[in-house]
1. Please list 3J(HN,Hα) in residue order for segment 61-72, calculated via the Karplus relation 6.51 cos²θ - 1.76 cosθ + 1.60 where θ = phi - 60°; whole Hz, with x for glycine and proline.
2. Only Cα pairs under 8 Å and at least 6 apart count here; give the relative contact order of segment 37-113 as a rounded whole percent.
3. DSSP loop GluC sites (Glu not before Pro) in segment 70-111 with at most 14 other Cβ atoms within 10 Å of their Cβ, which ones?
4. Using a Förster distance of 25 angstrom, determine the FRET efficiency expected from the C-beta separation of SER53 and GLN125, and round it to 0.05.
5. Karplus couplings for segment 81-87 from phi (6.51 cos²θ - 1.76 cosθ + 1.60, θ = phi - 60°), rounded to Hz, Gly and Pro as x?
6. Report the local net charge at GLY78: Lys and Arg +1, Asp and Glu -1, summed over other residues whose C-beta lies under 11 Å from its C-beta.
7. Apply the Karplus curve 6.51 cos²θ - 1.76 cosθ + 1.60, θ = phi - 60°, to the phi angles in segment 95-105 and return the couplings in whole Hz, x for Gly and Pro.
8. Between LEU97 and residues 5 or more places away or on another chain, which pairs have amide H atoms under 5 Å apart, with H built 1.01 Å from N, and which residues are they?
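What follows is calculated from the coordinates using simple rules that are stated; it is not laboratory data. No experiment lies behind these values; they were computed from the predicted model shown. Neighbour counts run over all protein chains shown; Cβ positions are idealised from the backbone, glycine included.
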Amino acid sequence: ETKEETKRTQPARRAQRTAPTSTATPPKVLFTGVIDEAGERVVVSLGGSLAESVYDCTHLVTDRVRRTVKFLCTLARGVPIVTLEWLHKSGRNSCFLAPGGFLVEDPEQEQNFGFSLVESLQRAQRSGGVLQVRLSSPPTPPPPDGCPISQFSSHPWVGQ
């Protein structure tokens with residue numbers, strides 16, 4: 001098999017990464033653990049908006065797996081948790097790209113916390129946005145009274 005034949009027969013992962021998202025509703029993007037003013041401008045320029053809370057976001061942008069309230073609540077809801085690359089490539093393509101090829105990959109933290117981000121997101125999406133999030137201690141920063149994690153999880157963490 002020649003190099004050219006191999007190129008044609010292999011699945012086009014890159015094409016999947018650059019496919020525009022098919023959502024009719026513009027994304028509402030929330031950030032955790034990262035500050036990216038250029039990324040925020042991309043969101044607005046493409047017709048999306050910056051989410052005000054975990055309750056209204058459709059995408060969470062971060063650089064790694066984190067034990068923050070935002071991360072855990074969006075995970076429990078099945079919201080795509082994507083890298084900054086999603087915003088930057090969306091900006092270069094002048095449209096929001098499908099998030100699937102831009103999900104955060106952090107094998108070390110996934111092993112530390114004993115879960116798979118991709119599998120957890122899929123389970124939450126299949127269950128209608130309700131995923132059990134079991135924590136042995138509160139996330140950082142600690143959740144406020146009326147913890148949103150307990151609203152999105154059938155097994156909230158037990159406080160001290």
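1. Computed from phi, the couplings for segment 61-72 are 10, 7, 10, 6, 5, 9, 9, 9, 4, 4, 4, 5 Hz.
2. 31
3. Sparse-neighbourhood loop GluC sites (Glu not before Pro): GLU105.
4. 0.80
5. Along segment 81-87, the couplings run 10, 10, 8, 4, 4, 4, 5 Hz.
6. Within the 11 Å Cβ shell, the charges total +3.
7. 6, 6, 8, 4, x, x, x, 10, 5, 4, 10
8. Here THR21, SER90 satisfy the definition.
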